[in-house]
Amino acid sequence: MTKPAGAAPAAVPARALALPKASPGQRIGLFGGSFDPPHDGHRLASLAALRRLRLDAVWWLVTPGNPLKARAPADLARRIAAAEALARHPRIRVTGAEASLATRYTADTLSRIVAMRPGVRFVWLMGADNLAQFHRWRDWGKIAALMPVAVYDRPGSTFSAPNAPAARLLAAYRVPERSAAAFAGRRPPAFIFLHGPRSPLSSTALRATEKSPRAAS
Ligand SMILES: Nc1ncnc2c1ncn2[C@@H]1O[C@H](COP(=O)(O)OP(=O)(O)OP(=O)(O)O)[C@@H](O)[C@H]1O
Ligand SMILES: O=C(O)c1ccc[n+]([C@@H]2O[C@H](COP(=O)([O-])O)[C@@H](O)[C@H]2O)c1
């Protein structure tokens with residue numbers, strides 16, 4: 001049932017606010033996103049990263065809000081619940097930990113996560129569209145210095161992403177796809193562009209096709 005406009009945000013369950021556990025040496029992909037709503041494109045990119053980068057798990061970091069997006073996303077509890085329902089994979093973990101860390105910018109979030117889970121080999125994952133604006137993120141160079149960055153191909157960004165300002169600046173650290181299996185163990189900065197099956201899905205398109213109960217009847 002659709003939530004009435006103006007309803008108070010639902011509470012995020014405590015288990016979803018805690019940072020997941022990981023052991024030193026484990027390889028964890030961090031996939032930050034609005035997930036508003038989550039879709040199979042998120043799942044496709046996550047499963048490809050799990051397999052190609054030989055990750056132990058991918059954590060979906062459902063953000064309280066992308067600092068570059070003016071539009072506020074749907075409430076966090078709903079997005080987390082939807083992401084959990086969609087992920088359905090033993091190695092994909094959905095977390096709202098960024099909200100409890102009370103960080104707004106990814107560089108700050110990742111600094112905290114690295115400090116809280118010493119010895120874990122984290123990789124920052126993002127779709128190719130985000131690489132195009134990565135140079136506009138706060139302290140993006142700090143992110144690249146903190147952990148290897150893996151970019152997954154996405155329709156509309158296949159050819160533009162490698163020419164994005166951040167991609168040019170990271171070009172000297174680009175690792176060929178044939179070395180993907182050892183990528184998570186590399187000392188940052190390291191950057192890889194993964195190609196594979198692409199999904200045309202986007203949250204923007206899904207929001208546009210969402211029907212109100214009145215329109216659906
Ligand atoms: N179809 C897709 N293929 C590859 N990566 C994707 C795809 N959809 C989203 N991503 C990546 O997933 C991460 C989270 O994206 P997000 O939750 O904003 O979804 P989105 O579909 O891009 O949403 P929106 O249309 O609202 O911007 C980003 O790194 C984004 O690049
Ligand atoms: O830190 C920043 O400056 C920054 C700017 C834009 C986006 N991000 C993060 O990038 C991730 C993807 O965002 P989105 O909205 O494209 O799903 C999400 O974790 C955001 O918080 C971070």
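The values are calculated or read from the model by the stated rules, or taken from the named source; none is laboratory data. Everything numeric here is computed off the predicted structure, so don't read it as measured data. Every residue, glycine among them, receives a Cβ derived from its backbone with ideal geometry; neighbour counts consider all protein chains shown. Surface areas here come from the heavy atoms of the whole protein model, side chains and all, with no ligands, DNA or RNA. Shrake-Rupley method; radii C 1.70, N 1.55, O 1.52, S 1.80 Å.
Regarding residue 72, is this residue free of Cβ contacts under 8 Å to residues at least 24 places away in the same chain and hydrophobic (A, V, I, L, M, F, W, C)?
So residue 72 passes the test.
Within region 86-109, does at least one residue satisfy the condition of being under 22 Å from residue 189 (Cα atoms), in contact with a strand residue (DSSP E or B) (Cβ under 6 Å, 6 or more places away or on another chain) and away from ligand 2 (no atom under 12 Å from the Cβ)?
no
If I go through region 136-165 residue by residue, how many of them are within 14 Å of ligand 2 (Cβ to nearest atom), out of contact with any Lys or Arg (no Cβ under 9 Å at 6 or more places or on another chain) and either closer than 23 Å to residue 184 by Cβ or of a type in the set (Gly, Ala, Ser) (or both)?
Of the residues in region 136-165, 13 are within 14 Å of ligand 2 (Cβ to nearest atom), out of contact with any Lys or Arg (no Cβ under 9 Å at 6 or more places or on another chain) and either closer than 23 Å to residue 184 by Cβ or of a type in the set (Gly, Ala, Ser) (or both).
Determine which member of the set 159, 191 is free of Cβ contacts under 8 Å to residues at least 60 places away in the same chain and in contact with a strand residue (DSSP E or B) (Cβ under 9 Å, 6 or more places away or on another chain). Reasoning before the result, please.
Values: 159 fails: in contact with a strand residue (DSSP E or B) (Cβ under 9 Å, 6 or more places away or on another chain).
That would be 191, the only listed residue that is free of Cβ contacts under 8 Å to residues at least 60 places away in the same chain and in contact with a strand residue (DSSP E or B) (Cβ under 9 Å, 6 or more places away or on another chain).
Tally up the residues in region 155-172 that are open to solvent by less than 30 Å² (accessible area, probe 1.4 Å) and not in a loop (DSSP other than H, G, I, E, B), please.
Applying the first criterion (open to solvent by less than 30 Å² (accessible area, probe 1.4 Å)) to region 155-172 yields 157-158, 161, 164, 166-167, 170.
Pick out the ones that are also not in a loop (DSSP other than H, G, I, E, B) and you get 161, 166-167.
Count: 3.
Is at least one residue of region 107-119 on the phi < 0 side of the Ramachandran plot and either among the aromatic types (Phe, Trp, Tyr) or in contact with a Pro (Cβ under 6 Å, 6 or more places away or on another chain) (or both)? Lay out the reasoning, then the answer.
Start the filter on region 107-119 by keeping residues that are on the phi < 0 side of the Ramachandran plot, which leaves 107-118.
Filter once more, keeping what is either among the aromatic types (Phe, Trp, Tyr) or in contact with a Pro (Cβ under 6 Å, 6 or more places away or on another chain) (or both): none.
Among the residues of region 107-119, not one is on the phi < 0 side of the Ramachandran plot and either among the aromatic types (Phe, Trp, Tyr) or in contact with a Pro (Cβ under 6 Å, 6 or more places away or on another chain) (or both), which makes the answer no.
Which condition from (1) farther than 20 Å from residue 194 by Cβ; (2) within 12 Å of ligand 2 (Cβ to nearest atom); (3) among the aliphatic types (A, V, I, L, M) is the one that residue 82 breaks?
Of everything listed in (1) farther than 20 Å from residue 194 by Cβ; (2) within 12 Å of ligand 2 (Cβ to nearest atom); (3) among the aliphatic types (A, V, I, L, M), residue 82 misses just condition (2).
Quick one: which residue in 35, 31 is at positive phi and either within 9 Å of ligand 2 (Cβ to nearest atom) or of a type in the set (Phe, Trp, Tyr) (or both)?
None of the other options fit; the residue is 35.
Among strands (runs of 3 or more DSSP E) lying entirely in region 47-148, which contain 1 or more residues that are in contact with a Cys (Cβ under 7 Å, 6 or more places away or on another chain) and either at pLDDT 95 or above or among the small types (Gly, Ala, Ser) (or both)?
The strands (runs of 3 or more DSSP E) meeting that bar number zero.
Within region 29-69, how many residues turn out to be of a type outside the set (Lys, Arg), more than 21 Å from residue 139 (Cβ to Cβ) and in contact (Cβ under 8 Å) with a residue 40 or more places away in the chain?
So the count comes out to 18.
Is it fair to say residue 127 is crowded, with 18+ Cβ neighbours inside 10 Å, within 22 Å of residue 152 (Cα to Cα), of a type outside the set (Lys, Arg) and in contact with a Lys or Arg (Cβ under 6 Å, 6 or more places away or on another chain)?
yes
Report, by residue number, each residue of region 15-45 that is open to solvent by less than 10 Å² (accessible area, probe 1.4 Å) and either at pLDDT below 95 or out of contact with any helix residue (DSSP H, G or I) (no Cβ under 8 Å at 6 or more places or on another chain) (or both).
16, 28
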